[in-house]
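Taking it in order: structure first as structure tokens, then the write-up.
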Amino acid sequence: MSTNVMGIFQFEDEFIGALRRLKESGFDGLTAMSPIPLHEAEHILGFDKSPVRRFTLAGTLLGAAGGFALSVATALTFILPTSGRPIITTDNVGCRDVVVDGENGFMIKTRDSGDLERAMARFLDTPEDVRSAMGQAARKKAENEFDEKLVLQSYMDAINQETKVS
């Protein structure tokens, strides 16, 4: 029986609090993953300084250019049931590179719950065969443009370019 569980928290303090309470309750062997470094979580789990910190600056600079595109693309190819599904995302840096409105998902205004509601209704009103075609288009776009190997190679190329000695 698997003892793995995944929790998603909107606020860092909720995550840290839950992690601390689990550790205090006697749970050992905990692993936590976060898209950003959480030094307090590392401390709770008893980890030494992470070597990932060395790449934080490069990741921050590259992430600013890519926005949420990598996470959205990962959602398209991830092994869970999200794979190859139409996406509803904000018209933000990175996201707009992944979604073509009406073709493989729906683009909404940032911080506009009304626009999100309309997009969700539009999605639900879309016939199943059209939603399926949108999902296939989303998966194909992710595989062709955001494959892990392609993204990592572009990161390595950027790092190599920035660290070249003249």
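The values are calculated or read from the model by the stated rules, or taken from the named source; none is laboratory data. Since the structure is predicted, the reported quantities are computational estimates derived from the model, not experimental observations. Cβ coordinates were reconstructed from backbone atoms using ideal geometry, including for glycine residues, and neighbour counts include every protein chain displayed. Keep in mind that these areas ignore ligands, DNA and RNA; they rest on the heavy atoms of the full protein, side chains included. Shrake-Rupley method; radii C 1.70, N 1.55, O 1.52, S 1.80 Å.
Assorted remarks:
- Selected residue (only one of G17, G26 is open to solvent by less than 70 Å² (accessible area, probe 1.4 Å), over 28 Å from S154 (Cβ atoms), modelled with pLDDT of 75 or more and not in a helix (DSSP H, G or I)): G26
- Test: residue in region 103-111 that is within 17 Å of the chain's Cα centre (by Cα), among the β-branched types (V, I, T) and open to solvent by 60 Å² or more (accessible area, probe 1.4 Å): yes
- The residue of region 82-102 that is least open to solvent (accessible area, probe 1.4 Å), among those that are outside any helix (DSSP H, G or I) and among the hydrophobic types (A, V, I, L, M, F, W, C), is V99.
- Test: A133 is farther than 18 Å from D97 by Cβ and at pLDDT 90 or above: yes
- If you go through region 140-166 and keep only what is free of Cβ contacts under 8 Å to residues at least 60 places away in the same chain, of a type outside the set (D, E) and assigned to a helix (DSSP H, G or I), you end up with K140, N144, K149, L150, L152, Q153, S154, M156, N160, Q161, T163.
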